[in-house]
Amino acid sequence: MKLHRKKLPNDPALLKQMFFDVQDKYETVKDKLQTIQNKYKNTSIEFENKKQDFQKEKEVFINEIENYKTRLKESELYSEWLEERVAAVEYKLYGKKSEKLNLLNKDQFFLFNEAETFAEVDEVQEDKIKIRSYIRHKRGRKPLPDFLKRKEVIHDLPPEEKKCPCCGRERKFLGSDTSEDIEFYPARIKVIRHRVMKYGECNCEDFVNSGLPGVISAKKPPRLIPGSIASASILAQVITAKYADGLPFYRQSKIFKRFEIDISRSTMCNWTLLAAEKCKKLIDLLKTDIQSCPVIQMDETTLQVLREPGRPPNTKSYMWVILGRSAEQRLAVLFIYDPSRSGNVAEEILGDFNGFLQTDGYAGYNKAGSENGRKHVSCLAHIRRKFYTIIESSKKNNIRVKSAEKAMDFITKIYQIENSLRKRDLSPEKFVKLRKEKMLPLLEKFSDWLLLKQTEVPPSSSIGRAVNYALKEWKKFTGFLESALLTPDNNLAENAIRPFVIGRKNWLFSNTPRGANASAAMYSLIETAKLNGLEPFKYLNYIFEKLPLTETDEELRKLLPYNVNVEEIEKAVDSDG
């Protein structure tokens, strides 16, 4: 209630009462206002709390969404990885074994980068000589070798058919048509009967008093395995059939039975063990020669040995192979059995070797490759294989495949340069210089591409693993540029070990370490013979004849595959035939 000054009463008691009434109303209004303020404050606090709770829930929800996205991405990557693994396994089981690219597919993936690709290829090939645009190839089968014996069979008309039915005179001879076919005779087996002539004492008085032996006899030539029926040729045949042709002893035993000859599996095993032990000094000389080479390639593969002391029968053992290339481009290969795959084994095998060691990416070679002043070189074929498998095993032409195709394009150009220079008659110094000039720009582009691709692809994917492996091996791989004796890959050693892997599929395991060491010795001699252009049977037959006659290391060294006289080997086989 609004009061006017002129209307206020003059009575102090009344004024006092009015004052208290106004004060009560003020307090009442103040309390109501305070209540409203408190309520507002509580509401505001409650709102802030709810706002914070909402914000927290929002953050939790966003985090859950991000987690779901991450998990979804991981699931997609894992699913993709599983698809790649399944495709890789299917390809390994059912795909082609050759690693040659399909040229039709290659032309197809060049379609979208044709200008860039072929422009770069032209740069690589700019120094190549011009060749004829077309070469006519003669069709038909290859002629049979001239060294095979020929028997001529003449097919002629009866005399009456040669005469003219009109005048009765003989028709004019025009010539003949000639063709050849192959006639096969089963293996010829003959028995060599050795008769050692013996002579008794003389009845003369001087002889009786001379003290000379009463009986004398002629001496047989020494044999590799005295007291057995095994000649050098049968030993060479049995060992060549197993280690060069992958024919197990039990199958050979059945073949001999068809000729009514009983040679048991155990007999052939004993022959091989004894022959390998007789060749030990020859193998030691081979190892010494390899260790003195400026370049060694090295590889290993699994082997099961049933009776390895202190180990279960199903434990994996290993066959190691070292291939040496001398300054004269002479090749020698040595197989060595060991129960372990430890890098210490590689170090022990290499001994005093201090040149270039070329291997795959197995970490066990790292220490061996850095000791004794050695230079460790990696293998382009193993880098290539990972990209190649992506192309061949994938059923989709996706980004992974296109990236792998790009990597394969770089690798193909590296081999093009290498092959074009190998065909030219260049000195080692000139070859190394030209190879660096042509190869380094290409390798730099390849390296830059790998580094860029590493940031773009998931490391767990097949293309990610291929890229990371290439980068991990890059420094060691490019070491092949330093020597004309080095090639971009370790394929010679892999090719040398391949017959062992193929043979292993037939005979599966070795019974004892002694048998594994014998196999290693025989593979060493056979594969070194093949690398030096020798036919394995002829070479083994020759050295099995000569080994019992050798006495010095010099005589033994002449029996190594790269030292033998090829004409003597051929004569030895002809004389036996």
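Taken together, the values in this text are just the output of simple stated rules run on the coordinates, not laboratory data. This is a predicted model, so every value here is computed, not measured. So basically every Cβ, Gly included, is an ideal-geometry build from the backbone, and we count neighbours across all protein chains shown.
Given +1 at the Cβ of Lys and Arg, -1 at the Cβ of Asp and Glu and no other charges, the dipole of the chain around its Cα centre is 1660 debye to the nearest 20. Dipole of the chain computed with +1 at Lys/Arg Cβ and -1 at Asp/Glu Cβ about the Cα centre; of Met197, Gly373, Gln416, farthest Cα towards the positive end is Gln416. Listed options for log10 I(q)/I(0) by the Debye sum over Cα atoms at q = 0.07, 0.11, 0.13 Å⁻¹ are [x] -0.67, -1.21, -1.43; [y] -0.40, -1.01, -1.38; [z] -0.54, -1.08, -1.33. The value calculated from this structure is the one marked [x]. Our helix-only sum for the chain, with -39,500 (n - 2.57) per DSSP H run of n ≥ 4 divided by its residues, gives a mean residue ellipticity at 222 nm of -18500 deg cm²/dmol.
Helix 249-258: angle to the longest alpha-carbon principal axis of the chain, degrees 0 to 90, nearest 10? Roughly 40 degrees between the two axes.
Return, ordered by residue number, the residues of segment 333-377 whose backbone nitrogen is under 20 Å from a label point located 7 Å along Cα→Cβ of Asn314. Residues 339-341 fall inside that zone. Simple rule: put +1 on each Lys or Arg Cβ and -1 on each Asp or Glu Cβ in the chain, find the dipole, and look at Ala516, Pro339, Met18; the Cα lying farthest toward the positive end is Met18.
Give me the number: length gained by fully extending Asp53 to Leu144, i.e. 0.36 nm times residue separation minus the C-alpha to C-alpha distance, one decimal in nm. Mind dumping the intermediate values first?
On the way: separation 91, 0.36 × 91 = 32.76 nm, distance 9.27 nm.
Result for the pair: 23.5 nm of gain on full extension.
Could you list Thr35, Thr478 in order of exposure, starting from the residue whose Cβ has the fewest other Cβ atoms within 10 Å? Numbers along the way, then the final one.
Values: Thr35 10, Thr478 18.
Ascending number of Cβ neighbours within 10 Å: Thr35, Thr478.
Placing pseudo-labels 7 Å out from each Cα toward the beta carbon at Lys41 and Lys475 gives an inter-label distance of 7.0 nm. Using alpha carbons only, how many degrees (0 to 90, rounded to 10) separate the axis of helix 399-422 from the longest principal axis of the chain? Approximately 40 degrees, to the nearest 10. Put in line by how crowded their Cβ is, counting other Cβ atoms within 10 Å and starting with the fewest, Arg557, Arg325, Arg193, Arg169 read Arg193, Arg169, Arg557, Arg325.
Beta-bridge orientation, the chain: approximately 75 percent antiparallel, per DSSP, counting only bridges with both partners inside. Charges were assigned to the Cβ only: +1 to each Lys and Arg, -1 to each Asp and Glu. The resulting dipole of segment 294-529 about its Cα centre is roughly 720 debye. Measuring between their Cα centroids, segment 350-376 and segment 200-233 lie 55 Å from each other.
To the nearest ten degrees, helix 380-393 and the longest principal axis of the Cα atoms of the chain are 70 degrees apart.
Over the chain, what relative contact order in percent results from Cα pairs under 8 Å that are six or more residues apart? Numbers along the way, then the final one.
On the way: 569 pairs, mean separation 100.7, N = 577.
Dividing the mean separation by the residue count of the chain yields 17 percent.
Quote the FRET efficiency, to the nearest 0.05, computed for Leu451 versus Glu551 with a Förster distance R0 of 56 Å and r equal to the Cβ-Cβ distance.
Working: r = 61 Å, r/R0 = 1.10.
After rounding to 0.05, the efficiency reads 0.35.
Which of Ile62, Ile383 has the fewest other C-beta atoms within 10 Å, and how do the rest follow up to the most? Please report the intermediate quantities before stating the final value.
On the way: Ile62 10, Ile383 28.
Lowest to highest Cβ neighbour count: Ile62, Ile383.
Given R₀ = 51 Å, what would the calculated FRET efficiency be for Lys32 paired with Ile65, taking r from the Cβ atoms and rounding to 0.05? Present the calculation step by step, with values, prior to reporting the outcome.
On the way: r = 48 Å, r/R0 = 0.94.
Approximately 0.60, to the nearest 0.05.
Applying 1/(1 + (r/R0)^6) with R0 = 22 Å to the Cβ-Cβ distance of Asn506 and Phe184, what FRET efficiency is obtained, to the nearest 0.05? According to the calculation, E is roughly 0.40. Under the convention that each Lys and Arg Cβ holds +1 and each Asp and Glu Cβ holds -1, the size of the dipole of segment 185-286 around its Cα centre is about 640 debye.
Nearest 5 is fine: what % of DSSP beta bridges in segment 294-529 come out antiparallel, could you say? Walk me through the numbers on the way to the answer.
Details: 18 of 25 bridges.
In segment 294-529, DSSP labels about 70 percent of beta bridges as antiparallel.
The simple spin-label model puts a point 7 Å past each Cα toward its Cβ; for Ser228 and Thr288 those points are separated by 2.6 nm. Positive end of the dipole of the chain (Cβ unit charges, origin at the Cα centre): among Ala493, Thr240, Tyr362, the Cα lying farthest that way belongs to Tyr362.
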